[in-house]
Structure formats: C-alpha cells, structure tokens
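S.K.: Got a structure for you, questions after.
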Amino acid sequence: MTSKQQSSTHTNLNPTSKPIQRPISTIRLLHPHWTISYSPNEYINKPQPKPLHFTSQIKLTFTSLHTFNSSINHLTSKSMAGRGKTLGSGAAKKATSRSSKAGLQFPVGRIARFLKAGKYAERVGAGAPVYLAAVLEYLAAEVLELAGNAARDNKKTRIVPRHIQLAVRNDEELSKLLGDVTIANGGVMPNIHNLLLPKKAPGSSKAADDE
C-alpha cells in the first residue's frame, strides 16, 4: 500500500458519514484591529480564504471581578479629584467651617480638639464646642468694649493692660467673675481713703457759700 492510499484510508474511516463542515464565520479579536475569517459551508479539503483586516469603532464593555487587600487605599473618582471636588463638576464646592455655620468668630474646630485632648469627659457632643465658643466670644467682646471705652476716656487710641484692668474692676459682674485673676501690668484701682484726704478750711467754705 502506498503512502497516498494510506493517507486516504486515514481521512475516510467511515464512508457513510457526512464530511465535516467549518462554521459559517469565525471572528478573532486582535489589537488594535479586528480580524474576521469568513468561510462559507465548505469542506475541509478546500482552501481557506485569506482573512480580512479593517479598523472598527466598536466599544467593548467587560464585566470583571477584583479582589483588593484591606491595606490598599482605594482611589475613587471623588478622592482622585481632591478634597471637596468631583470629576466632571464645573465648580468645586468650597468647604464651610463650623464657625461660619454657627456665625461665630472663635474657632469651633480648635475648641473641639482641645476638649477631646483634655479628657474632660469620655465623650464630647457636637454642640459642646459651639456653645463654649459662643460663650468665650461673648466674654471677649464684653471686655473689649469696656476696655475701648476706658481707652477713649483716657484719650488713647490703643488698648493697654491698664485699660483692661479699669474696665474689669469697674464692672460688677466681670469683677466678680475675675476676682481671683491678676492682670499683668494692670496696676491697681485708684482708691484714697477719706481720712487721708486734706481737710477743708472752715473760712473757705463760708466764703464759697456767700458767693
């Protein structure tokens, strides 16, 4: 038996079976082009046509599963854009402080940090630093107003510790609140006992009454 006859016997083992057909079309995806191999219903022994190459604008969407470690910082579109910024937004939203929300000048966030760092309590509520900041701002404004009035009475344009001392000691409530407080370079309140004042002459008083 020749080699040709031997090969024919291997290819046609069952003469009653139909020849094997190729699929109608075979598509293979290559980057960056598509490659389409098109072969109509034909037998294996016929030659296969050459594949066609062309550029396509088709967009593909793949669904995939990802596994991340807990120690990895996940970067989302919001975090990648920066603090308070989101991708695609026209104008970034400005961060609003708690002091501006409460209408105060004293820092609410800093007071909250001091309250937590001081361990005054196990828990610090959200309204506690706002309340404390409002009280401190009121007291500071009250002392500042009275000290400004004392500086104006002394014909000065700058508030010094002496003016603060006069303002606090002349106010009954502030003097009681700051009774144990010593103001540096504040001096003392002017107070001369009546017994130490010079006595008036009796003749001068009668002359003043006659006039």
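The values are calculated or read from the model by the stated rules, or taken from the named source; none is laboratory data. None of the values given here were measured: they were computed from a predicted structure. Ideal geometry is used to build each Cβ from the backbone, glycine not excepted, and the neighbour counts take in all protein chains shown.
The rows are residues; the columns are (1) in the same structural domain as Leu104 (by TED's automatic domain parsing); (2) over 39 Å from the mean Cα position of the chain (by Cα); (3) under 29 Å from Lys101 (Cβ atoms).
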site: Leu146; (1), (2), (3): yes, no, no
site: Arg162; (1), (2), (3): yes, yes, no
site: Asn185; (1), (2), (3): yes, yes, no
site: Leu195; (1), (2), (3): no, yes, no
site: Lys199; (1), (2), (3): no, yes, no
site: Pro202; (1), (2), (3): no, yes, no
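S.K.: So which of Lys101, Lys119 is modelled with pLDDT of 75 or more and on the phi > 0 side of the Ramachandran plot?
M.R.: Lys119
S.K.: Given the structure, is Leu139 at pLDDT 95 or above, surrounded by fewer than 16 Cβ atoms within 10 Å (Cβ to Cβ) and within 42 Å of the chain's Cα centre (by Cα)?
M.R.: yes
S.K.: Hey, could you check region 115-131 for residues that are among the charged types (D, E, K, R) and over 20 Å from the mean Cα position of the chain (by Cα) and say which is farthest from Leu104 (Cα to Cα)?
M.R.: Result: Glu122.
S.K.: Among what's in region 169-183 and is assigned to a loop (DSSP other than H, G, I, E, B) and either within 16 Å of Glu145 (Cβ to Cβ) or not assigned by TED's automatic domain parsing to the domain that holds Leu144 (or both), pick the residue that is farthest from the chain's Cα centre (by Cα).
M.R.: Looking at residues that are assigned to a loop (DSSP other than H, G, I, E, B) and either within 16 Å of Glu145 (Cβ to Cβ) or not assigned by TED's automatic domain parsing to the domain that holds Leu144 (or both), I get Asn170.
S.K.: For residues in region 113-144 being among the charged types (D, E, K, R) and touching a residue at least 12 places away in the same chain (Cβ under 8 Å), which is nearest to Ser99 (Cα to Cα)? Show your work before the answer.
M.R.: Step one: of region 113-144, the residues among the charged types (D, E, K, R) are 113, 116, 119, 122-123, 137, 142.
In the following step, the residues that additionally are touching a residue at least 12 places away in the same chain (Cβ under 8 Å) were identified as 137, 142.
Values: Glu137: 11, Glu142: 19 Å.
Step by step, filter region 113-144, then rank; the result is Glu137.
S.K.: Here is a follow-up. For the structure I just gave you, tell me whether Ile159 is within 21 Å of Pro190 (Cα to Cα) and touching a helix residue (DSSP H, G or I) at 6+ places or on another chain (Cβ under 6 Å). Step through it out loud before you land on a result.
M.R.: Values: within 21 Å of Pro190 (Cα to Cα): yes; touching a helix residue (DSSP H, G or I) at 6+ places or on another chain (Cβ under 6 Å): yes.
Yes.
The rows are residues; the columns are (1) within 30 Å of Lys116 (Cβ to Cβ); (2) modelled with pLDDT under 95; (3) not polar (S, T, N, Q).
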site: Ala133; (1), (2), (3): yes, no, yes
site: Ala150; (1), (2), (3): no, no, yes
site: Pro161; (1), (2), (3): no, no, yes
site: Leu166; (1), (2), (3): no, no, yes
site: Met189; (1), (2), (3): no, yes, yes
site: Lys199; (1), (2), (3): no, yes, yes
site: Lys206; (1), (2), (3): no, yes, yes
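S.K.: Criterion first (in contact with a Ser or Thr (Cβ under 8 Å, 6 or more places away or on another chain) and farther than 18 Å from Arg98 by Cβ) does Arg152 satisfy it? It would help to see each step written out before you state the result.
M.R.: Details: in contact with a Ser or Thr (Cβ under 8 Å, 6 or more places away or on another chain): no; farther than 18 Å from Arg98 by Cβ: yes.
So Arg152 fails the test.
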